[in-house]
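Input: a single structure, listed below in structure tokens.
The values are calculated or read from the model by the stated rules, or taken from the named source; none is laboratory data. Not measured: the values here are computed from a predicted model. Every residue, glycine among them, receives a Cβ derived from its backbone with ideal geometry; neighbour counts consider all protein chains shown.
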Amino acid sequence: MREPIFEVKNMNKSFGIVKALKDVSMEIYPGEIRGLIGENGSGKSTVSSIIAGIQDADSGEMFYQGKPFKRANTVDAQKQGVSMIVQEIGTIGSITVAQNIFLGRERDFRKGPFVSPKTMIKKAQDMLNRVAMGHIDASLVTAALPLEDRKLVELARAMQDDPNLLIVDETTTALSQAGRERLYGIMQSMAKDGKAILFISHDLDELMQVCDTLTVLRDGVIIGSLEKAEFEKKRIKQMMVGREVAENYYRTDYEPYEAGEVALKAEYVSAEQILENFSLELHKGEILGIGGLSSCGMHELGRVLFGAEPAITGQVTVYPSGNQITDIKTAILNRIGYVSKNRDEEALILRDTIGHNLTASALHQLSKWGVIPPKAEKTFAKKQIDDLEIKCYGDIQEVSTLSGGNKQKVSFGKWVGNDSDIIIFDCPTRGVDVGVKATMYNLLYDLRNQGKAILLISEELTEVIGMSDRILILKDGKLSKEFYRDKDLSEHDVVEYLI
């Protein structure tokens, strides 16, 4: 009889009155890539973070290689052979790549009373080279790296002790296809060596491609597990949500495009040597899709339009006032909102409450003679929690304790609640499940029908095509092609203008 490499028995965990895990039991076997899926708030990240030593369960047992598993923290768990790459940014930007890789292990590099940076950097570079990430310089300050390379640094850190169990929590949403292939290769190599991977993703196609077994969580309860031969999208979605989920949740209307009044205009803006003399007009009552490869300049465009990044050339103007957008404060005062792709570092204050996060962009509206009435702040937050169905026990709950999808709902609520006229969404459905995606798409469409001007930046062509009235494709920081909404428009028509 095959013995599991890791076993969870009757695990329970609560946050306030919310029960995140209810008697969860699961076995992970040698040579297995086990997928873990469920709606946002189902308990996926909670169970994986408990295994990895980030937090403790309220009750239950864990067994590793047949013996009770006890760990003091993540470093202790990793030394025993259990490593995890977290969903959020798991590196510290102000220190070097080498320091991030060996965080918590600095004493291993002591020479007398001092840590030897040179020795640490050399060993970190050797580690990066070993896992095919030699393009990353171990001596660099981590904040200088793009998001993808920061996630790869986390992967290198997780692999340093040659783990027997690797937990990958929603990591691929931050990776390009090349980065994903690198991760898949490591996972497959580990499985061949008789090790195991617990792989968490919202991408059903990805899970069905890379996993041998799939376990489904719903509201903190294990609904069941499926073997590879049993994988079927419709069945998995039903297990996730307890009901049948429509396959297509994009817009179904295809009326001829009619431009409304101009709400925002960018004229010949350049930024970061990526975006070059780019111009656009965004209209009221329009969803304008911006598509392209991750390095095409579209993310920089969103930041420039919100004033979060200075334009080297050109100008951004909001109408009908004619005001120039040069910084974030001016953008907010001119009723522009921005949902960042980098949610945990730029969109939210993780260590603050849901209420404070939701009201952060509306303080000037709520203020009376320079004072924010607590009742008004609470009423504002409660409305967004109810309208967006944010799963929490109240507005005083810390944002860091929420699931990825509920964090994203808070990001949305911050700008929808203050009645922004123009909202820039940068990869708004990154790392969320099908149910939350449907909610967000409905919200975008409702905002459009209210006459709001929506800029939708996305690396997913199906999302851009499915939701936009008009599409601008960027390549190398320049406009490559413009498309209008059409029921016959396909990814095949668009992709040749990306590359």
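For the range 349-375, what are the residues that are surrounded by 11 or more Cβ atoms within 10 Å (Cβ to Cβ), closer than 20 Å to residue 387 by Cα and either out of contact with any Lys or Arg (no Cβ under 7 Å at 6 or more places or on another chain) or of a type in the set (Ser, Thr, Tyr) (or both)?
Kept after step one, since they are surrounded by 11 or more Cβ atoms within 10 Å (Cβ to Cβ), are these residues of the range 349-375: 349-350, 352-367, 372-373.
Applying the additional criterion that residues be closer than 20 Å to residue 387 by Cα yields 353-363, 365-366.
Listed by number, the residues that qualify are 353, 354, 356, 359, 361, 362, 363, 365, 366.
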- residue 399: passes all of (1) under 18 Å from the mean Cα position of the chain (by Cα); (2) at positive phi but (2)
- Task: Determine if the range 275-294 includes at least one residue that is assigned to a helix (DSSP H, G or I), aliphatic (A, V, I, L, M), surrounded by 23 or more Cβ atoms within 10 Å (Cβ to Cβ) and in contact with an Asp or Glu (Cβ under 9 Å, 6 or more places away or on another chain).
- Result: no
- Consider residue 178 against the criteria (1) closer than 30 Å to residue 443 by Cα; (2) in a helix (DSSP H, G or I); (3) out of contact with any strand residue (DSSP E or B) (no Cβ under 9 Å at 6 or more places or on another chain): it satisfies all of them except one. Which criterion is unmet? (1)
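Kindly establish whether residue 464 is within 23 Å of the chain's Cα centre (by Cα) and of a type outside the set (D, E, K, R). Write out each step before concluding.
Numbers: within 23 Å of the chain's Cα centre (by Cα): yes; of a type outside the set (D, E, K, R): yes.
So residue 464 fits the description; yes.
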- Report whether or not residue 422 is buried (at least 22 other Cβ atoms within 10 Å of the Cβ), outside the structural domain of residue 174 (by TED's automatic domain parsing) and under 28 Å from residue 301 (Cβ atoms). yes
- Query: Which one of these is over 23 Å from residue 176 (Cβ atoms), in the same structural domain as residue 425 (by TED's automatic domain parsing) and not hydrophobic (A, V, I, L, M, F, W, C): 491, 482, 459?
  - Reply: 482
- Task: Would you point out the residue of the range 326-342, among those that are in a helix (DSSP H, G or I) and not hydrophobic (A, V, I, L, M, F, W, C), that is surrounded by the most Cβ atoms within 10 Å (Cβ to Cβ)?
- Result: 330
- Message: When the residues of the range 154-163 are narrowed to those that are assigned to a helix (DSSP H, G or I) and more than 18 Å from the chain's Cα centre (by Cα), which ends up farthest from residue 52 (Cα to Cα)?
- Response: 156
- Task: Go through the range 75-98 residue by residue and tally those that are in a helix (DSSP H, G or I), buried (at least 24 other Cβ atoms within 10 Å of the Cβ) and touching a residue at least 40 places away in the same chain (Cβ under 8 Å).
- Result: 2
- Query: Could we say that residue 8 is buried (at least 20 other Cβ atoms within 10 Å of the Cβ), at pLDDT 90 or above and assigned to a helix (DSSP H, G or I) here?
  - Reply: no
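Using the structure shown, decide if residue 151 is more than 27 Å from residue 53 (Cα to Cα) and either in contact with a helix residue (DSSP H, G or I) (Cβ under 8 Å, 6 or more places away or on another chain) or aliphatic (A, V, I, L, M) (or both).
no
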- Message: Just checking, does the range 308-319 include any residue being in contact with a helix residue (DSSP H, G or I) (Cβ under 9 Å, 6 or more places away or on another chain), under 30 Å from residue 401 (Cα atoms) and either part of a helix (DSSP H, G or I) or in the same structural domain as residue 419 (by TED's automatic domain parsing) (or both)?
- Response: yes
- Message: Quick test of your reading of the structure: residue 222 fulfils all but one of (1) surrounded by fewer than 17 Cβ atoms within 10 Å (Cβ to Cβ); (2) within 18 Å of residue 42 (Cβ to Cβ). Name the failing condition by number.
- Response: (1)
- Message: Restricting to the range 373-426, count the residues that are outside any helix (DSSP H, G or I), of a type in the set (Gly, Ala, Ser) and within 22 Å of residue 450 (Cα to Cα).
- Response: 2
- Mind checking which residues of the range 99-137 are part of a loop (DSSP other than H, G, I, E, B) and within 21 Å of residue 77 (Cβ to Cβ)? 102, 103, 104, 105, 131
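Among the candidates 17, 95, which residue alone is over 21 Å from the mean Cα position of the chain (by Cα), within 30 Å of residue 126 (Cβ to Cβ) and of a type in the set (A, V, I, L, M)?
On the way: 17 fails: within 30 Å of residue 126 (Cβ to Cβ).
Of 17, 95, the one residue that is over 21 Å from the mean Cα position of the chain (by Cα), within 30 Å of residue 126 (Cβ to Cβ) and of a type in the set (A, V, I, L, M) is 95.
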